[in-house]
Amino acid sequence: QQFKDFLHQRIMVDKISVSMINQGISAFKIMQVDVLKRDWQPIKIKRPRRVKKLPVVLSLSEVEKLIAVTKNIKHKAILMLAYSSGLRRQEVQLIKPSAIDSARMQIHVVQGKGKKDRYTILSAKTLDILRLYYKYERPSHFLFEAQGRKGQHLSDVTLNCIVKNSATKAGIKKQISFHTLRHCFATHLLEKGVNLRLIQQFMGHVSLKTTAGYLHLVNINPASVVSPLDSMNV
């Protein structure tokens, strides 16, 4: 009952998220079951359902404007890399020059989310801007380093500011973050008919169900879909 009162306080007064509520219940369960060796069923606390919200996605023209208005070569390279390869914010922070495989036109994501390596696609246009940026900047350790601080990667705040500042310049009113570029990558590939399984590999999703969530964001004209019968000689 004390724990339920605690949760009630956190929900009603502190307005914590569903995720935080579930974290609290999980911690309480660990204490009861693993530490105190009690049966969980008699004291089981029902978990709230997660609020399912669709992420904000930019159109192709909006992404184009976002990149076009970005004049700083480092910032432009960051935006193009994140969008064209579907990288997470932390993956952009920690990426090293050696991860860019221009021979195979791939990016080697080392120890991404879940401590897993993967390969994703490298855009030819992104490679061009990266080469220009590297020649100008000459980073010492990470591909993108903090201004005046060689060997230190960019902060979360800096990366989000880059996206938001470019969005403002481009006249984009949508509430976006750095992660929006990753959502755009997956959604635009789906709209181009790329196999969902391939996108899962590029994104580094453990479950195909996670990748399938982007199907709700795809904008496809039904008139453009041709029946398989029409390709047959019958």
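The values are calculated or read from the model by the stated rules, or taken from the named source; none is laboratory data. In this text the structure is predicted, and so the values were computed from the model without any measurement. In this analysis, Cβ positions are derived from the backbone assuming ideal geometry, glycine residues included, and neighbour counts consider all displayed protein chains. To get the accessible areas, we keep the full protein, side chains included, count just its heavy atoms, and leave off ligands, DNA and RNA. Shrake-Rupley method; radii C 1.70, N 1.55, O 1.52, S 1.80 Å.
Per residue, the range 172-234 exposes an accessible area of 64 Å² to a 1.4 Å probe, with every protein chain left in place.
Angle check, please: helix 18-30 long axis (alpha carbons) against the longest principal axis of the chain (alpha carbons), in degrees 0 to 90, nearest 10. That works out to roughly 50 degrees.
This structure gives Rg and Dmax of the Cα atoms in Å, computed directly, and of (1) 22.2, 72; (2) 16.4, 49; (3) 17.2, 56 that value is listed as (1).
For the range 1-125, just say rounded, prolate or oblate: build the C-alpha gyration tensor, square-root its eigenvalues into a ≥ b ≥ c, call rounded for a/c under 1.5, and beyond that prolate if a/b exceeds b/c, oblate if not. Please report the intermediate quantities before stating the final value.
Numbers: a/c = 3.79, a/b = 2.15, b/c = 1.76.
Cα axes put the range 1-125 in the prolate bin.
With 28 Å as the limit, the listed pairs LYS76/LYS174; LYS37/LYS209; LYS76/LYS113; LYS125/LYS209; LYS135/LYS192; LYS53/LYS164 have LYS37/LYS209; LYS125/LYS209; LYS135/LYS192 beyond it between alpha carbons. The long axis of helix 73-85 is offset from the longest Cα principal axis of the chain by roughly 70 degrees.
For the range 1-114, the per residue solvent-accessible surface stands at 66 Å², with DNA, RNA and ligands left out and a 1.4 Å probe.
Could you list the chymotrypsin sites (Phe, Trp or Tyr not before Pro) in the range 1-93 that lie in coil according to DSSP, counting only those with at most 13 other Cβ atoms within 10 Å of their Cβ? Let's see the in-between values first.
Values: sites: PHE3, PHE6, PHE28, TRP40, TYR83; in loops: TRP40.
Passing both the DSSP loop test and the Cβ count: TRP40.
Across the chain, the mean sequence separation of Cα contacts (distance under 8 Å, 6 or more residues apart), normalised by length, yields a relative contact order of 20 percent.
Considering only LYS113, LYS15, LYS76, the Gaussian network model of the chain with Cα springs below 10 Å gives its largest mean-square fluctuation to LYS15. Solvent-accessible area assigned to carbon and sulfur over the chain amounts to 55 percent, based on a 1.4 Å probe. Please build a GNM for the chain, connecting alpha carbons under 10 Å apart, and tell me which residue among HIS216, HIS179, HIS75 fluctuates the most. Between HIS216, HIS179, HIS75, it is HIS216 that shows the largest mean-square fluctuation.
Residues within the reach of a label modelled at PHE6 (point 7 angstrom out along Cα to beta-carbon, backbone nitrogen below 12 Å), restricted to the range 32-47, are 32. What does the C-alpha gyration tensor say about the overall shape of the range 77-176? Classify as rounded when a/c is under 1.5, otherwise prolate if a/b is larger than b/c, or oblate. Rounded, because the longest to shortest axis ratio a/c is under 1.5. Axis of helix 156-169 versus longest Cα principal axis of the chain: the two differ by about 60°, to the nearest ten degrees.
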